[in-house]
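Any read-out appearing in this document is the output of simple, stated calculations on the displayed coordinates, not a laboratory observation. Remember, it's a predicted structure, so these values are computed and weren't measured experimentally. Every residue, glycine among them, receives a Cβ derived from its backbone with ideal geometry; neighbour counts consider all protein chains shown.
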Amino acid sequence: MTNLTQKQLDSHWMAYTGNRQFKQDPRIITKASGAYYTDDKGRKIFDGLSGLWTCGLGHNVAEINEAVAEQIKTLDYSPAFQFGHEKSFQLSEKITEFLPTELNRVFFTGSGSESVDTALKVARAYWRKKGMGTKTKFIGRAKGYHGAGISGFSVGGIPANRTLYGQGLDSYHLPHTQVPGTEFTNGMAKQGAERADDLLNLITMHDASNIAAVIVEPMSGSAGVIVPPQGYLERLREICDQHNILLIFDEVITGFGRMGGDCGAIEFGVTPDVMTMAKQITNGAIPLGAVAFKQEIYDTFMEHGGPEYMLELPHGYTYSAHPVACAAGLASLEKIRSENLIARVKEMSGYFGDAVHSLRSSSTLITDIRNYGFAAGITLAAPDGEPAKRPFQVAMDMWEKGFYVRFGGDTIQLAPPFITESEEIDRLIDALSDSFHKLA
């Protein structure tokens, strides 16, 4: 049982949490190792979401621990502005090895939300540098998630994350790609690519001269693993090229292995102009985010930067390229490569996908299952207009049985660590089947 006092519990306003319910029955995690957490009751809990899509290597990774310990003893902090340290340059080069070759300039942030904010700011600034300052609007997508900042919720398309906060940035939204007839698709659906053409309608309405960028997740994670239909991302790229609009991929979840490829852009064969990243860069050990840009975008700022001592881009964060985070990032990415973990995800993804789809018969309340790589979303019918109720019930039942899964909106979401064995997938699916059978 937790030793926390009620005053301590009450003092923390928790992120994306039902605080009232949690503080009546706290779920406290005390340790982690491999694919498992340990709670305050001493129970082992299988990590069915890799932390928060962050810990594909599992927890308590020796190589990352050692790199962090050595770095914090050597250089704990280095000023992020006007001075540098070696590991940020080493890490930026390492990151580009996981990206399309055109994305070769990396800017560091402290999180996925900061990465999105950076990408959108740079997009606007880029067009001003090009003499097209009217290009300020953004286009996101329904059910998209792009972090918790004002810019992120503006271009994001999950209603529960938007309605409370009022007016955001000037942005509009494409429809999502869940079309009738694609339910229970294992992998990429054959229908739905035509929804990319809705971008043409938005361009007609607002004119390309006013639109800075389109931002989408190659696969929408937080909305419940919405996989792109065949040809959809290619069509978005084509339309953006035709109308001189930047295409931004938010790969905070899909980067560095989750899709069974180095990143979503490579896995799906479409290169954006800008890519945001975070989470798996450091395996969740230390906060770190990044944004990769095409050479031409970087060169535009350098060419219009004024005298060499001037700032070409007046933007950044106190913790940009933090040396301890960079050390963790280098260790994380080197381990992904040395142990061929992305290839392992690709190899195991068929087994995982088939196992998840076997849940279809567990309950008539399951209305859809979607998956790609080591990610899956299961949609549950909403009772009396309460879409979040049944996923919450399932997740709490799973926790009691020793499994952590994510509940968000009307979905249960799964993203096991890359190191997960087939027997662990079987146990996870068996436990979920039992929980779904209990639904009323």
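Taking every DSSP beta bridge that has both ends in segment 65-338, the antiparallel portion is near 45%. Computed with the Debye formula from one identical point scatterer per Cα of segment 285-440, without solvent, the log10 of I(q)/I(0) at q = 0.12, 0.19 Å⁻¹ comes to -0.72, -1.12. Computed over every Cα-Cα pair of segment 317-397 and binned at 10 Å starting from 0, the pair-distance distribution P(r) comes out as 15, 28, 22, 24, 11, 0 percent. When the convex hull of its Cα atoms is viewed from all sides, segment 22-78 shows a mean projected area of 5.7 nm².
Listed values for segment 87-95 are Karplus-derived 3J(HN,Hα) couplings in whole Hz (6.51 cos²θ - 1.76 cosθ + 1.60, θ = phi - 60°), namely 5, 5, 6, 5, 6, 4, 5, 4, 4, and x replaces Gly and Pro.
Beyond 12 Å, what percent of the Cα pairs of segment 118-167 remain? So the portion of pairs separated by more than 12 Å is 64 percent. Each residue of segment 103-110 was assigned a 3J(HN,Hα) from its phi angle through the Karplus curve 6.51 cos²θ - 1.76 cosθ + 1.60 (θ = phi - 60°); the sequence is 8, 10, 10, 10, 10, 9, 10, x Hz, with glycine and proline shown as x. In sequence order, segment 118-132 has phi-based couplings of 5, 4, 6, 4, 5, 4, 5, 5, 4, 5, 5, 4, 8, x, 10 Hz under the Karplus curve 6.51 cos²θ - 1.76 cosθ + 1.60, θ = phi - 60°, and Gly or Pro positions carry x.
What length, rounded to one decimal in nm, is gained on full extension from E312 through to E97, with 0.36 nm per residue of separation minus their alpha-carbon distance?
74.9 nm
Each principal axis of the Cα cloud of segment 1-113 was taken in turn, and the coordinate range along them, longest first, works out to 49, 31, 30 Å.
Within segment 254-339, list the GluC sites (Glu not before Pro) lying in a DSSP loop whose Cβ has at most 15 other Cβ atoms in a 10 Å radius.
Values: sites: E267, E296, E303, E308, E312, E334, E339; in loops: E308, E312, E339.
Sparse-neighbourhood loop GluC sites (Glu not before Pro): E308, E339.
Which one, M275, M302, M205, has the greatest fluctuation when you compute a Gaussian network model over the chain with C-alpha springs under 10 angstrom? With Cα springs under 10 Å in the chain, the top fluctuation among M275, M302, M205 is at M205.
Over the chain, Cα pairs under 8 Å with separation of 6+ residues give a relative contact order of 21 percent.
If each residue's Cβ is checked for other Cβ atoms within 10 Å, how do Y172, Y165 rank with the fewest at the top?
Numbers: Y172 17, Y165 10.
Listing Y172, Y165 from fewest to most nearby Cβ atoms yields Y165, Y172.
Remark: the M302-R427 segment gains 39.6 nm on full extension, using 0.36 nm per residue and subtracting the alpha carbon distance.
In terms of other Cβ atoms within 10 Å, R344, R43 run from fewest to most in the order R43, R344. A cut-off of 5 Å between modelled amide H atoms, ignoring neighbours fewer than 5 places along the same chain, links T109 with G289, A290, V291, A321. When the Gaussian network model of the chain links Cα atoms closer than 10 Å, the mean-square fluctuations of G224, G377, G42 top out at G42.
Whole number please: convex hull volume per residue of the Cα set in segment 65-338, in Å³? Working shown, then result.
On the way: hull volume 36.3 nm³, N = 274.
In segment 65-338, the Cα convex hull volume per residue is 132 Å³.
For D198 and R20, a Förster radius of 41 Å and the Cβ-Cβ distance give a FRET efficiency of 0.55, rounded to the nearest 0.05.
Cut-off is 10 Å between beta-carbons; in what order do W13, W127, W399 appear when sorted fewest neighbours first?
Details: W13 7, W127 22, W399 15.
Ascending number of Cβ neighbours within 10 Å: W13, W399, W127.
In the elastic network of the chain, a GNM with C-alpha springs shorter than 10 Å, the most mobile of P314, P159, P79 is P314.
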